[in-house]
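Student: I'd like to ask some things about the structure below.
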Amino acid sequence: MPVENCPLQTLDADSLSCSIREHITHSLGKPCAEAGNRDVAMALSMTLRDRLVDKLLETRKRYRDARAKRMYYLSIEYLLGRCLGNNLYNMRIDEECRNLVKQWGYDLEELREFERDPALGNGGLGRLAACFLDALATLDMPGCGYGIHYEFGLFKQSIQNDRQVEQPDYWMAEGMPLQIERRDQSVIVPIYGRIESHQGPDGSYLPLWVDWQDLVGVPYDIPIVGFGDKTVNYLRLFAARSTDNFDMKIFDQGDYIKAIHQKVYSELVSKILYPSESISFGKELRLTQEYFLVFCSLRDITRRFLKQNRNIEELPEFIAIQLNDTHPALAVAELMRILVDERRVPWDRAWNITNRTLAFTNHTLMPESLEMWPVDLMGKVLPRHLQIIYEINARFLSQIRLTSKADDATLRRMSLIEEQGGKQVRMANLAVVGSHSVNGVSKLHSELVKKVLFPDYAALWPGKFNNKTNGITPRRWLYKANPGLSALITEAIGDAWIMDLDKLQDLVPLAGDAAFQQKFLAVKRASKAHLAEYVAQTTGVMLSPDAVFDMQAKRIHEYKRQLLNIMHILHDYLRVTEDGYVPPVPRVYVFAGKAAPGYFEAKEIIHLICSAARVINADKRAAKHIKVVFAADYRVSLAEKLIPAADVSEQISTAGTEASGTGNMKFSLNGALTIGTLDGANIEIREAVGAENFYLFGLTTPEVERQLGDGSYDPWEYYGKHPEIRRVLDALSAGRFTPDEPQTFHWIFEKMLAKGERYMHLADFMPYLETHERLGMDYAKPAVWAKKAILNVARMGYFSADRTIREYARDIWGIKPIAPK
Ligand SMILES: *Cc1c(COP(=O)(O)O)cnc(C)c1O
């Protein structure tokens, strides 16, 4: 039908104003005079959506006209954070809209608080995916995300009686005006059933997947706008629904209720996000989720590809698929199934196509997060996929037996099947074998991936392994999150840094400039005062913006060593109260982070932090020197409040355990100085900002490997040698911070002193104290501190997600920007 006459909606104030009022009246059904904050926030989101959709359609046409190669990012998590503010900033109409709603008596910051964070991810891995989507759109790259439309995101955390309490996160409670439901593009997903073996006319093997049940995947698109509002890509999330077909057998027998039950079970698949990214769950529902994501995505991707009258053999020329960790590794088997079973492509050619299309990012070295699925379970849920995996494995092993003369032990290690203790499918091996590229996420991590995780594969395919150091989007993490610092930077060097973060280098000459330092410190102080207000409101603890704001905000995990941090705080507290020690500067310690609900130690670490905070904050002797705060419910919107106010960033994981970290980048970019170990991207951050602007301590990865490897790490030695360590551990063991239940933290005493303690807390404890000491002295000299902090900001350009995405595009995906003319 003709559309030429409809005027495109524009971004000028009149058009925006008109649309907002339109939506209040016609979408929300209210007279404008009665619109409350929530209504205006909702109408504003809808107004933006209308404009984003125009650009989305334009972008789609542009890619199609260019016959562009596309990249699809498959991730079981996306930690987007709130969209309204981000869209306003990326479309560059934040000022316009702020003024507009102000005329009507509303405050834009208040309106933004009405949006719930879509928390469809746990932490770093999901947030990386979100940063990548922002960078892809900003760079006009044809790259979209695929994921699951969880009904419940990551649980909400509150603190009750010093302990974490979890509540369900029904993130769509207020509606989600941004998403576009696309029922017409729903996908039918076969699952369960069994395989019948037949023969084709030519005698070839013809499997028939029969008696399967089905689910329906309904896509929801969230528009992703790049900075400057030129390109709008999408994130497509699938929700599981049941088909309209009832199970007729049950129905015939008159058990209507049972038939309905089966429907409800189908919808369970996208009901909830599993609350940890770093442990494998081994649950049938999780396997179903992974398959659901993979099936829906590949169906959608190949359908779009084939619609353009292309030959399936050309797939790798037009499509790249990136697997974000092993959760979507079933894509290897599913793409083979599509090619071999549905398209009748001979196995070898299908394998070549699959391999050239897929690429895999590894995110962790932790043995407990290596995904494995019992063969029995996979055979029950995905009978054909298991068959295909066995076939891939048989061909792969016989090939390497021939070509590289691998011995039996090597073959056992490289097999896709773990044979020990009940057969299991090794998802990481499946992903490596089925992909043409395997990357780690920081220099150190990528080396360890080759050396520790996949030495046999790295020897076989040295060219397959590469590094892509993570990055963060400067739009959300500086431009939007820290308007004060953004304005100061733009005033000094212009605003080109938003699109080209390397431009921050122009700040280097200003790092020693007294006037600029003054302004920089004033901006930081204002952020701290702002956060202090939030903390006072939410916890009742009063903070002085003159103190050092020292933060550790990330998931609670033993390897991230929140325990090391709190033990140092306890040490300082005991020094102040028992030794009469006076620290050079007052300190505020802020912790934030969620613990997986089933992770005892992590939950007890939160309990310890909160108990210690209660004791310390109530002690008059410590009041001038130390405050401890646990900020509940860490999520993107809280990170945006915390990070601009940080002076010190705690990045203190045991060397060799944190793959990259991205929190470390956010803090540094906002002018916090890092106290950290030589782990993950810390190493590259330190090289970039300069060793003198980074507080390094602790063992190196080879030292950790050696001492844990040969069993020479003996925590009792440190306990015996250092009275500081003894005092803290004895205080914990004696129940000093939980007088009513003195046994509560005795486990920490035992754990820290257990032979070969995995994260070597005590080995790094004294160097950590000494480094903190040095840091405190430097902070007491504002000019020294300001210079270091400014140099951190100025030299963080490398850690823009734009740089990371350009590298992926060039080295792995082979995609190019398709910018509007
Ligand atoms: C950046 C971010 C993370 C990752 O933090 P790390 O310190 O790299 O573990 C986790 N959660 C949220 C909400 C984040 O914004």
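Read-outs: derived from the displayed coordinates by stated rules, not from any lab. Keep in mind that what you see is a predicted model, and the values were worked out from it rather than measured. All Cβ positions, glycine included, derive from the backbone under ideal geometry; neighbour counts span all protein chains shown.
Student: Rounded if a/c is under 1.5, else prolate if a/b is larger than b/c, else oblate: which is the chain, with a ≥ b ≥ c the root eigenvalues of its Cα gyration tensor?
Tutor: Oblate, since a/c reaches 1.5 and b/c is not below a/b.
Student: Shifting gears a bit: With a ≥ b ≥ c the root eigenvalues of the C-alpha gyration tensor of the range 377-423, is it rounded (a/c under 1.5), prolate (a/b larger than b/c) or oblate?
Tutor: It is oblate, given that a/c is not under 1.5 and a/b is not larger than b/c.
Student: Run the quick spin-label model on Leu411 and Glu313: label points 7 Å from Cα toward the beta carbon, then report their separation in nm to one decimal.
Tutor: The two pseudo-label positions are separated by 3.3 nm.
Student: Rounded, prolate or oblate: which one fits the range 696-798, using the alpha carbon gyration tensor with axes a ≥ b ≥ c (rounded when a/c is under 1.5, else prolate when a/b beats b/c, else oblate)?
Tutor: It comes out oblate by the Cα gyration axes.
Student: Let me ask you something else. Would you mind checking which residues have amide H under 5 Å from Leu206's amide H? H placed 1.01 Å from N; only 5 or more apart, or other chain.
Tutor: His198, Gln199, Gly200
Student: Then there's this: Pull up all non-local amide H partners of Val548: gap of 5 or more, or a different chain, and H-to-H distance under 5 Å with H placed in the peptide plane.
Tutor: Amide H neighbours of Val548, under 5 Å, 5+ apart: Arg587, Val588.
Student: Further question on the same structure: Can you give me the distance in nm between label points at Ala783 and Glu391, each placed 7 Å from the Cα along the Cα-to-Cβ direction?
Tutor: 7.4
Student: What per residue convex hull volume, in Å³, do the alpha-carbon atoms of the range 388-523 yield?
Tutor: 179
Student: Assuming a viscosity of 1.306 mPa s and a temperature of 10 °C, what translational diffusion coefficient in µm² per second does Stokes-Einstein assign to the range 505-572, Rh being the Kirkwood radius over Cα pairs?
Tutor: 107
Student: Which parts of the range 633-653 would a label at Glu601 reach, counting a residue when its backbone N lies under 19 Å from a point 7 Å out along Cα-to-Cβ?
Tutor: Backbone N within reach: 651-653.
Student: Among Tyr150, Tyr192, which comes first, then next, by fewest other beta-carbon atoms within 10 Å?
Tutor: Fewest-to-most Cβ neighbours within 10 Å comes out as Tyr192, Tyr150.
Student: For the range 62-133, I need the span (max minus min coordinate) of the C-alpha atoms along each principal axis, in Å, sorted largest to smallest.
Tutor: 46, 36, 12
Student: Kindly work out what percent of the DSSP beta bridges joining two residues of the chain are antiparallel, to the nearest 5.
Tutor: Around 45 percent of the beta bridges assigned by DSSP in the chain are antiparallel ones.
Student: Using 7 Å Cα-to-Cβ label points, what is the Arg758/Tyr170 separation (nm, one decimal)?
Tutor: Distance between label points: 3.7 nm.
Student: Next question. I need Glu658, Glu724 ordered by Cβ neighbour count within 10 Å, fewest first.
Tutor: The order, fewest Cβ neighbours first, is Glu724, Glu658.
Student: Using the Karplus curve 6.51 cos²θ - 1.76 cosθ + 1.60 with θ = phi - 60°, work out ³J(HN,Hα) for each residue of the range 763-770 in order, rounded to whole Hz, and write x for Gly and Pro.
Tutor: Coupling constants for the range 763-770: 5, 9, 5, 5, x, 5, 4, 5 Hz.
Student: So, in Å, what gap is there between the alpha-carbon centers of the range 63-100 and the range 443-480?
Tutor: 25
Student: For the range 532-546 and the range 793-821, write down the distance between their C-alpha centroids in whole Å.
Tutor: So the separation of the two Cα centres works out to 39 Å.
Student: Let me ask another. Rounded to the nearest 0.05, what FRET efficiency do Val582 and Met499 have when you use their Cβ-Cβ distance and R0 = 45 Å?
Tutor: Rounded to the nearest 0.05, the efficiency is 0.40.
Student: Given the -39500 (n - 2.57) contribution per DSSP H run of 4+ residues, what per-residue ellipticity at 222 nm results for the chain, rounded to the nearest 500 deg cm²/dmol?
Tutor: Taking each H run of at least 4 residues, the total per residue is -13500 deg cm²/dmol.
Student: Let me ask something else. Suppose we look only past 22 Å in the calculated P(r) of the range 547-692. What percent of the Cα-Cα pairs does that tail hold?
Tutor: It works out to 40 percent of all Cα pairs.
Student: List the lysines whose Cα lies under 25 Å from the Cα of Lys755, skipping any in the same chain that are fewer than 8 positions away.
Tutor: Lys560, Lys603, Lys721
Student: By how many nm would the segment from Arg706 to Leu268 lengthen if fully extended, with 0.36 nm per residue of separation less the alpha-carbon distance?
Tutor: Result: 153.1 nm gained on full extension.
Student: For the range 462-517, what is the convex hull (Cα atoms) projected area averaged across all directions, in square nanometres?
Tutor: 5.5
Student: Please arrange Leu80, Leu453 by counting, for each residue, the other beta carbons lying within 10 Å of its beta carbon, fewest first.
Tutor: Leu453, Leu80
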